[in-house]
Amino acid sequence: VYFVQEAAEKLAAEGISCEVIDLRTLVPLDWDTIKASVEKTHNLLVVEEGVKRGGIGAELTAHVIEELYDELDSPVGRVAGLNICSPFSPPLEDVNFPQVADSIAAVKRQLNR
């Protein structure tokens, strides 16, 4: 979450407001917080360090689309790790796992900025 919070701070400096939700647990899922945020912002960007394919972000995205489709102004955006085994070397981790710049670019893309 630290890199997402850093991205939100940098975006705020550019006049772009973001809500960061840190899902501490998946069961139970804090659906009320997610729903309230989507209803308020009409957007959702799911960021996770896990792989994009078959991860919790994919499941969360599907659930939001099923339940809150009419609330969304744009498709749900996703930022995730590459679909490879997690590396152990810091330079490879930097390539595999999402970085601050990835989240910033995804927010701007979602807002057409």
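The values are calculated or read from the model by the stated rules, or taken from the named source; none is laboratory data. Computed from a predicted structure; not experimentally measured. We place every Cβ from the backbone using ideal geometry, glycine too, and count neighbours over all the protein chains shown.
Here's a check for you: in the range 95-113, which residue that is part of a loop (DSSP other than H, G, I, E, B) and in contact with an Asp or Glu (Cβ under 8 Å, 6 or more places away or on another chain) is surrounded by the fewest Cβ atoms within 10 Å (Cβ to Cβ)?
As a first pass, look at the range 95-113 and keep what is part of a loop (DSSP other than H, G, I, E, B): 97-99, 111-113.
Checking which are in contact with an Asp or Glu (Cβ under 8 Å, 6 or more places away or on another chain) leaves us with 97-98.
Values: PHE97: 17, PRO98: 21.
The qualifying residue surrounded by the fewest Cβ atoms within 10 Å (Cβ to Cβ) is PHE97.
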If we ask which residues in the range 1-49 are among the acidic types (Asp, Glu) and under 19 Å from ASN112 (Cβ atoms), their number turns out to be 2
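Rundown of residues vs (1) touching a Pro at 6+ places or on another chain (Cβ under 6 Å); (2) basic (Lys, Arg); (3) not in a loop (DSSP other than H, G, I, E, B), yes/no style:
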| position | (1), (2), (3) |
| --- | --- |
| PHE3 | no, no, yes |
| GLU6 | no, no, yes |
| LYS10 | no, yes, yes |
| ASP22 | no, no, no |
| ASP32 | no, no, yes |
| ASN43 | no, no, no |
| ARG53 | no, yes, no |
| GLY57 | no, no, yes |
| LEU68 | no, no, yes |
Residues that are surrounded by 13 or more Cβ atoms within 10 Å (Cβ to Cβ) and modelled with pLDDT under 90, drawn from the range 52-73: GLY55
Working only within the range 92-113, note down all residues that are in contact with a Leu (Cβ under 9 Å, 6 or more places away or on another chain) and under 9 Å from ALA7 (Cα atoms). SER103, ILE104
Looking at the structure I just gave you, is LEU45 surrounded by 13 or more Cβ atoms within 10 Å (Cβ to Cβ) and either on the phi > 0 side of the Ramachandran plot or over 14 Å from the mean Cα position of the chain (by Cα) (or both)? no
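This table checks each residue for (1) acidic (Asp, Glu); (2) at pLDDT 95 or above; (3) more than 17 Å from GLY57 (Cβ to Cβ).
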residue	(1), (2), (3)
TYR2	no, no, yes
LEU23	no, no, no
ASP32	yes, yes, yes
GLU39	yes, yes, yes
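If you check VAL76 against the conditions, is it β-branched (Val, Ile, Thr), within 12 Å of the chain's Cα centre (by Cα) and surrounded by 15 or more Cβ atoms within 10 Å (Cβ to Cβ)?
The answer is yes for VAL76.
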